[in-house]
Amino acid sequence: MSLEFSADAQKKIAAMCERYSVSGSKQPVVMAALHLAQKEHGHLSDDALRLVARTLDLPYAHVYGVATFYTMYRREPAGRTTIRMCTNISCMLRGGYDVLAAFEQKLGVKHGDSTPDGKLHLVEEECIAACANAPCAVVGTKYYLDITTDQVGRIIDELKTSPRPESEVV
Ligand code: FES
C-alpha cells in the first residue's frame, strides 16, 4: 500500500505550492514536503520519497538526491528526539569530539544509532551555524551553546523524563 499525507499536510503543501512554485514547478517545496513526510511517517523510506515525488510532480531521483544530501532527513527509523552534536572545525577545535564521546558513553550507543527504547537518536552533525559558541549541539529544537562534557549527563537525564520534539518546518 502506498503512503499518503494527512489532510492537514496536504493542505499545507498545497498552500506552499501556490505560494512558492516557479514557472509551474513545485521544486521549491521539496524540502518542506520531505519534513512533513518524515514527521508523519517517522523516516523517509522509499515509499515516503515516492509520496513526495508524486505529490510535487517531481522525478524520484531529484527527491532522493535532496533527502540523502541533508543530515536532517532520516532514511532509517530513529529515536523520538535527535541529539545533533557538531564536530565541524570550530566545534572540533573546542572539544566537540569529547562531548560527542560523552554522549555516546552516557547513551550507550555510537553516533548514528538510537537507544534501545527508541527514545533518543545521536547524530554527529556538520556545522549548525553557532560557531561563535563552539562546541554546540541541538537537542530536538533546543541549542546548547558552549556545551561541555559535564553537561551531558544532566541533558540526557532531563530528556528521559521530558523528550523534546523535533523541529517543525511549516
Ligand atoms: S562548527 Fe560547530 S557550529 Fe559551526
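Taking only the Cα atoms of segment 7-69, how large is their convex hull per residue, in Å³?
In segment 7-69, the Cα hull volume divided by residue count equals 74 Å³.
By how many degrees, 0 to 90 and rounded to 10, does the Cα axis of helix 96-107 deviate from the longest principal axis of the chain?
Approximately 90 degrees, to the nearest 10.
Could you list T82, T115 so that the one with the fewest beta carbons within 10 Å of its beta carbon is first and the one with the most is last?
Details: T82 22, T115 18.
With the sparsest Cβ surroundings first, the list reads T115, T82.
Using DSSP to call loops (not H, G, I, E or B), can you name the GluC sites (Glu not before Pro) in segment 1-109 whose Cβ has at most 15 other Cβ atoms within 10 angstrom?
Taking segment 1-109 and a limit of 15 other Cβ atoms within 10 Å, the loop GluC sites (Glu not before Pro) found are E4.
Starting from the amide H of R74, placed 1.01 Å from N in the peptide plane, find each other amide H under 5 Å away whose residue is 5 or more places distant or on another chain.
L44
I want the antiparallel fraction of DSSP beta bridges within segment 81-161, as a percent rounded to 5.
Antiparallel: roughly 55 percent of the beta bridges in segment 81-161.
Quick one: net charge around G112, please, counting Lys, Arg +1 and Asp, Glu -1 for every other residue with C-beta under 15 Å from its C-beta.
-2
Where the convex hull is taken over the Cα atoms of segment 81-161, what is its projected area averaged over directions, in nm²? Can you show the working numbers first?
Details: hull surface 17.9 nm².
The number I arrive at for segment 81-161 is 4.5 nm².
Take the alpha carbon atoms of segment 25-89, find their center, do the same for segment 103-117, and report the distance between the two centers in whole angstrom.
23
So for the pair K160, S23, with labels modelled 7 Å out along Cα→Cβ, what separation do we get in nm?
Each label point is offset 7 Å from its Cα along the Cβ direction, giving 5.6 nm.
Of all beta bridges DSSP finds with both residues in segment 1-137, what is the antiparallel percent, to the nearest 5?
35
How big is the Kirkwood radius of the chain, worked out from every pair of different alpha carbons and given in Å to one decimal?
17.1
On a 0 to 90 degree scale, rounded to 10, what angle separates helix 30-41 from the longest Cα axis of the chain?
Between helix and principal axis, roughly 70 degrees.
Express in nm, to one decimal, how much length is gained between I89 and C127 on full extension, taking 0.36 nm for each residue of separation and deducting their alpha carbon distance.
Fully extending the segment from I89 to C127 adds 12.9 nm.
Quick one: helix 7-20 against the long Cα principal axis of the chain, what's the angle to the nearest 10°, folded into 0 to 90?
80
Past 30 Å, Cα to Cα: identify those pairs from K26/K119; K12/K106; K26/K110; K11/K110; K12/K142, in the order given.
Pairs exceeding 30 Å: K26/K119; K12/K106; K26/K110; K11/K110.
Only the coordinates and a few stated rules stand behind these numbers; no lab work does. Keep in mind that this is a model prediction, so the values were computed, not measured. Reconstructed Cβ throughout: ideal geometry from the backbone, glycine too, with neighbour counts over all protein chains shown.
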